[in-house]
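Notes to accompany the following structure.
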Amino acid sequence: MTTLGFLYPGHHVAEDDFPRMEILLDAVRLVVNHTDVDEDAYTIDALTRTGAPECLAAGVAELQRAGVESVVWASSAGGFLYGWEGAHQQIAALARVAGVPASSTSFGFVHAVRELEAARVAVAATYPEPIAAQFTAFLRSAGIEVAATSAAGLASAAEAAAWDLDKVKELATAADRPEAEVVLLPDTALHTVSHVTELEELLGKPVLTGNQVTVREGLRLADRRSWSPRLGKIFAEREAPPAPVSRWGEGRERAHSGRKGRPGKQPHIGW
């Protein structure tokens, strides 16, 4: 059993995405500890305060007692608003306190886009435009081209958490562009885990969402891979296992190759 730790800002938003993912993933335990948020507001000052070193350090002890193998700061804006270098410093400080590898949702998006080998993305953000623009700048610092950014202009995480699937679809569709290879929904306050495959079918391309990539980042840090096609393309195997060979087909292969014994299997490609 792999145990992963997450520091999640505030309460009563979309943290129920995590037990859903735990059910879908094999032999993975997801431990969520809430950090204090003094103001639920989508402003640069309020969101930056959520990611302050003292706020993150205060939530680590409970995760350590659970024996987690990695820790992820489960806030996109609470990471990318620090900028590329500042976000690196933020997770380095978190790793020192936690004593295990650490990262954040913002870097989870970067690593997931690279895993999908995508060069160009579209951003569907719930945030006001100035905050969405900083996420775009963060991605560009990682060498990722952003084809378009849509900003819904919500005022708080509570508003994002109240959105239903139709609103999420509208947001993703408004942001999508033909040239974008992947669509990103960065807000971890948005309920998306139950809808990823439906969004991918709607758009015809991979979709990356805040809580989905947060868990994938925890798995990456723990050097653990877990598959679940219900969590979207990023959690699907790159190659299906080789199909079983019938005795008739196996005999033809031997006769054709002139080799004795069963043909060798093709290597499985992981990450």
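The values are calculated or read from the model by the stated rules, or taken from the named source; none is laboratory data. Because the structure is a prediction, the values reported are computed rather than measured. Counting neighbours? That spans all protein chains shown, and the Cβs are built from the backbone with ideal geometry, glycine included.
Note on the stretch 184-212: among residues that are among the acidic types (Asp, Glu) and part of a helix (DSSP H, G or I), the one that is nearest to SER150 (Cα to Cα) is GLU200.
Could you grab me the full set of residues in the stretch 165-194 that are in contact with a Ser or Thr (Cβ under 7 Å, 6 or more places away or on another chain), under 17 Å from ALA137 (Cα atoms) and not acidic (Asp, Glu)?
ALA175, LEU185, PRO186
For VAL100, the requirement of being surrounded by fewer than 24 Cβ atoms within 10 Å (Cβ to Cβ), in a loop (DSSP other than H, G, I, E, B) and at pLDDT 95 or above is met. When you look at ALA172, is it in contact with a helix residue (DSSP H, G or I) (Cβ under 7 Å, 6 or more places away or on another chain), surrounded by 19 or more Cβ atoms within 10 Å (Cβ to Cβ), at pLDDT 95 or above and part of a helix (DSSP H, G or I), yes or no? The answer is yes for ALA172.
Looking across ALA118, ALA122, ALA155, one residue alone is in a loop (DSSP other than H, G, I, E, B), more than 22 Å from ILE44 (Cβ to Cβ) and touching a residue at least 40 places away in the same chain (Cβ under 8 Å). It is ALA118.
If you go through the stretch 204-232 and keep only what is surrounded by fewer than 21 Cβ atoms within 10 Å (Cβ to Cβ), of a type in the set (D, E, K, R) and closer than 22 Å to THR126 by Cα, you end up with just LYS205. Taken as a whole, the condition of being closer than 25 Å to ILE44 by Cα and of a type in the set (Gly, Ala, Ser) applies to GLY143.
The one condition from (1) at pLDDT 95 or above; (2) over 23 Å from GLN134 (Cα atoms); (3) surrounded by 16 or more Cβ atoms within 10 Å (Cβ to Cβ) that GLN90 does not meet is (2).
Among the residues of the stretch 187-232, those that are hydroxyl-bearing (Ser, Thr, Tyr) and closer than 13 Å to PHE107 by Cα comprise THR209, THR214.
Could you pull out the residue among GLY59, GLY143 that is more than 23 Å from THR192 (Cα to Cα), modelled with pLDDT under 95 and either surrounded by 19 or more Cβ atoms within 10 Å (Cβ to Cβ) or not β-branched (Val, Ile, Thr) (or both)?
GLY59
If you check THR173, THR105, THR136 for being over 22 Å from HIS12 (Cα atoms), under 18 Å from the mean Cα position of the chain (by Cα) and of a type in the set (S, T, N, Q), only one passes: THR136. Taking each residue of the stretch 35-63 that is within 15 Å of THR126 (Cβ to Cβ) and looking for partners that are charged (D, E, K, R) and not in a helix (DSSP H, G or I) with beta-carbon atoms closer than 8 Å, six or more apart or interchain, yields ALA46/ASP38; ALA46/GLU39; ALA46/ASP40.
Restricting attention to the stretch 1-34, the residues that are touching a residue at least 60 places away in the same chain (Cβ under 8 Å), crowded, with 19+ Cβ neighbours inside 10 Å, in contact with a strand residue (DSSP E or B) (Cβ under 8 Å, 6 or more places away or on another chain) and not in a helix (DSSP H, G or I) total 10. For the stretch 178-225, a residue qualifies if it is touching a Phe, Trp or Tyr at 6+ places or on another chain (Cβ under 9 Å) and either free of Cβ contacts under 8 Å to residues at least 60 places away in the same chain or among the aromatic types (Phe, Trp, Tyr) (or both), and the qualifying residues are VAL196, ARG225.
Within the stretch 46-55, not a single residue is in a strand (DSSP E or B) and in contact with a Ser or Thr (Cβ under 9 Å, 6 or more places away or on another chain). For the stretch 138-152, taking the residues that are in a helix (DSSP H, G or I) and touching a residue at least 12 places away in the same chain (Cβ under 8 Å), the one that is farthest from PHE107 (Cα to Cα) is identified as SER141. From the list ALA124, ALA151, ALA102, the one residue that fits, being more than 29 Å from ALA222 (Cβ to Cβ) and touching a strand residue (DSSP E or B) at 6+ places or on another chain (Cβ under 7 Å), is ALA151.
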